[in-house]
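Peer 1: If you scroll down you'll find the structure; I have some questions about it.
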Amino acid sequence: MAGPTQKVLYADIDLELSWSEAQLPQVERTKHVHALHPSLGKFIPQLVEAFLSRYFVAGECLYDPFCGSGTALVEANAYGCDAVGCDISAFNCLLSSVKTRRYDHALLAAELDGVLEQALASPAPRLEDATPWLRRWYARRALGELLAYRDAARELSPSGGDVARIVLSRAARSSRLTTHFDLDFPKAPVCEPYVCHKHKRVCRPVGEAAKFLRRYTRDTLRRLQAFADAQTGCPVQVLHADSRGAELPVRPSGVVTSPPYPGLIDYHEQHRYAYELLGLTDRRELEIGPATAGRGRAALAAYVGSMASVFLRVREALPADAPVVIVVNDTHELYPSVLEGAGLRLDDRLRRHVNRRTGRRLGEFYEDVLICRA
């Protein structure tokens, strides 16, 4: 039997929120700071741009209770809105803050170049002082270079130190003992040569981190400078907190967010290397719908209850009739119950086609955009 035609497939899709690969290539989806560090589960900046133009005016304040890597916060700033983001992940908060901060770029470049030179000239620290997880996932040389960079970065200014920690984390992601084609979901260290699906040849596990520290220092400086041209003076505040009970510093005008899906991603575990290297506070027990919880009946019920608590808090913080835009693939039809529990009114439910998924996950994929009112 023939499959549905493109006309039938796209009949119920908002084409202004759906792009082909030709219309929206990767270089545009990852422009300036949006590719400062890989992060699973983020939505594309052009989607946020569309929501801002539809539901916000410059000078208002956007709130994202699941700010993740900061996509909505970055775009709100470029649009001319104040922004507040909240996330339970300390690494996500660090990344969002680094993306949206204003810098003296000449000073930052001098700091990062200096810490790189110092780290690569230093003798390797005692690897025995590293955590067991780090010693398991890195070759000795790579781990020594990462630890030397971490130690040198402690001497930087607060803002320069935070940028250096993002450079370090990105280098740590790339220099793990894993295959080139499995940086998103490595299951165990790979210590022997392997057949590489990415390069179509036999490859060896990475044994150093220095080349990544050099590469990502240059790339990070370039991306931050590129975003500086689009930045406005609007303030961005990032809260490391549980959005079910977060106290917001200002009253937002509306919400744009992409909540975690139930049973899909462990948001702390995807950046485990950063938590191990940087000693970040780990609050994974407070994640909503982590992959470890699965998608059984009890897990989905817990997810609905937690999401209803978040959006009830959102509704209480917003003025009457404020827009609440939620991007979610609601496969299990959970959000009618979430919205009912939060007291939000559903004005519209749009559908969009996702033209390309994260990493190696392929296949047709659609998202719902729930347009709600407080």
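The values are calculated or read from the model by the stated rules, or taken from the named source; none is laboratory data. Keep in mind it's a predicted model, so treat the numbers as computed, not measured. Neighbour counts run over all protein chains shown; Cβ positions are idealised from the backbone, glycine included. Accessible surface areas use protein heavy atoms only, side chains included; no ligands, DNA or RNA. Shrake-Rupley method; radii C 1.70, N 1.55, O 1.52, S 1.80 Å.
Peer 1: Who wins for biggest fluctuation among Asp282, Asp330, Asp229 in a Gaussian network model of the chain, springs between alpha carbons below 10 Å?
Peer 2: Asp229
Peer 1: May I ask what percent, to the nearest 5, of DSSP beta bridges between residues of the chain are antiparallel? Before the final figure, lay out each step's value.
Peer 2: Numbers: 17 of 31 bridges.
Within the chain, antiparallel bridges account for around 55 percent of the total.
Peer 1: Can you compute the helix-only [θ] at 222 nm over the chain? Use -39500 (n - 2.57) per DSSP H run of at least 4 residues, normalise by all residues, nearest 500 deg cm²/dmol.
Peer 2: Rounded to the nearest 500, it is -12000 deg cm²/dmol.
Peer 1: What longest region of the chain stays clear of GluC sites (Glu not before Pro) that DSSP places outside H, G, I, E and B and that have at most 11 other Cβ atoms within 10 Å?
Peer 2: Numbers: sites that count: Glu21, Glu247, Glu333, Glu364.
Longest run free of exposed loop sites: 22-246.
Peer 1: Can you pull out the trypsin sites (Lys or Arg not before Pro) in the stretch 257-324 that DSSP calls coil and that have at most 14 other Cβ atoms within 10 Å?
Peer 2: Hits after loop and neighbour filter: nothing returned.
Peer 1: If you don't mind, another one. What accessible area per residue, rounded to a whole number of Å², is obtained for the chain using a probe radius of 1.4 Å? Don't skip to the end; give the middle numbers.
Peer 2: Numbers: 16890 Å² over 374 residues.
Solvent-accessible surface per residue comes out at 45 Å².
Peer 1: If one computes the Cα centroid of the stretch 252-326 and of the stretch 150-185, what distance in Å separates the two points?
Peer 2: 25 Å
Peer 1: Using the Karplus curve 6.51 cos²θ - 1.76 cosθ + 1.60 with θ = phi - 60°, work out ³J(HN,Hα) for each residue of the stretch 100-113 in order, rounded to whole Hz, and write x for Gly and Pro.
Peer 2: Taking θ as phi minus 60°, the curve returns 9, 6, 9, 10, 8, 5, 5, 5, 4, 4, 5, 5, 5, 5 Hz for the stretch 100-113.
Peer 1: Once amide H atoms are built 1.01 Å from N in the peptide plane, which residues 5 or more positions from Ala322, or in another chain, come under 5 Å H to H?
Peer 2: Placed amide hydrogens put Ala374 under 5 Å from Ala322.
Peer 1: Then there's this: How many angstrom lie between the C-alpha centres of the stretch 84-128 and the stretch 196-226?
Peer 2: So the two Cα centres are separated by 17 Å.
Peer 1: Apply the Karplus curve 6.51 cos²θ - 1.76 cosθ + 1.60, θ = phi - 60°, to the phi angles in the stretch 41-53 and return the couplings in whole Hz, x for Gly and Pro.
Peer 2: x, 7, 9, 7, x, 5, 5, 5, 4, 5, 5, 4, 5
Peer 1: With θ set to phi - 60° and the Karplus curve 6.51 cos²θ - 1.76 cosθ + 1.60, what are the ³J(HN,Hα) couplings of the stretch 320-326 in order, to the nearest whole Hz, using x for Gly and Pro?
Peer 2: Once θ is set to phi - 60°, the couplings for the stretch 320-326 become 4, 6, 5, x, 10, 9, 10 Hz.
Peer 1: Here is a follow-up. Amide H of Leu239: which non-local residues (sequence gap of 5 or more, or other chain) have their own amide H closer than 5 Å, using H built in the peptide plane?
Peer 2: Gly85, Cys86, Asp87
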